[in-house]
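Values in this text are rule-based calculations from the coordinates and carry no lab data. Predicted model, so just to flag it, every value in this text is computed and none were measured. So basically every Cβ, Gly included, is an ideal-geometry build from the backbone, and we count neighbours across all protein chains shown.
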Amino acid sequence: MRETICGGESFCHRYQRLSIEWNRLVSVRIVQAKTFKETAKQFGVSVSTVIRRFDGLPVKEMTEVQDLAKVIAIDEYKGATKAGKYLLIIADGETKEPIDILPNRKKKTIKDYLQQHGTNVDVVIMDIIPSFKAAAQKALGKPVIVADRFHFCRYIYWALDGVRRRIQFEWNDYDRKKCKRMRYVFYKDSAKLTEKERWYLDRYLGMGEELRRDYELKESYCLW
């Protein structure tokens, strides 16, 4: 298997079936878990796979976290622990390397952890979840809060889709159903649209001034 590249970065090392991000998460979790079996069950792999990852860990990754970096990123991911259905990963916001994993995404858990280890933290990159923001502000005072790009973009696309659904409700049956099936043309990179897709996009943008305006705002953001 060749090394897979996504967005200019390697997604999976050559000859590996598991992503780089997955390996990073497992590396952090192995150190925290009580047994290899517990980690294997959580990530859906064999115990031998977990043991091989553990054997390959450098010594520095086996030490407990003392102080976090100045720029950190926090995000939830689905796990399976007694403390919660979702875990919280904390990573270095500049190197993207995982630093620690919290057993749940509760506000108190995040606040207590940041109060203990976040003395040097100035910037927190996060999902746009009120509890994350409140926990960071209570623990760190007034850090710079940065909405991560993925979630920020998602809100833009959701807003555009909301306008599309509201406006097409007033159209005739044919255009309403056809636009629903062709809705992907509103989100696809405009430079990659086929001639047919471009025709449908222009048609539906011409049927609603508000839809055209919001689509142009989305395009402006993508160019920016």
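Inside segment 96-111, can you point out the residues that are in a helix (DSSP H, G or I) and of a type outside the set (Lys, Arg)?
THR109, ILE110
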Discussion item. Please determine whether any residue of segment 167-176 is within 29 Å of the chain's Cα centre (by Cα), closer than 27 Å to PHE152 by Cβ and surrounded by 13 or more Cβ atoms within 10 Å (Cβ to Cβ).
Written reply: no
Fill in: GLU76, sole failed condition from (1) within 20 Å of the chain's Cα centre (by Cα); (2) within 27 Å of TYR200 (Cβ to Cβ); (3) surrounded by 13 or more Cβ atoms within 10 Å (Cβ to Cβ)
(2)
Worksheet item: When segment 118-150 is examined, which residues are found to be exposed (fewer than 13 other Cβ atoms within 10 Å of the Cβ) and within 17 Å of the chain's Cα centre (by Cα)?
Response: PRO130, ARG149, PHE150
Worksheet item: Just one of LYS142, LYS96 is in contact (Cβ under 8 Å) with a residue 12 or more places away in the chain and of a type in the set (Lys, Arg); which is it?
Response: LYS96
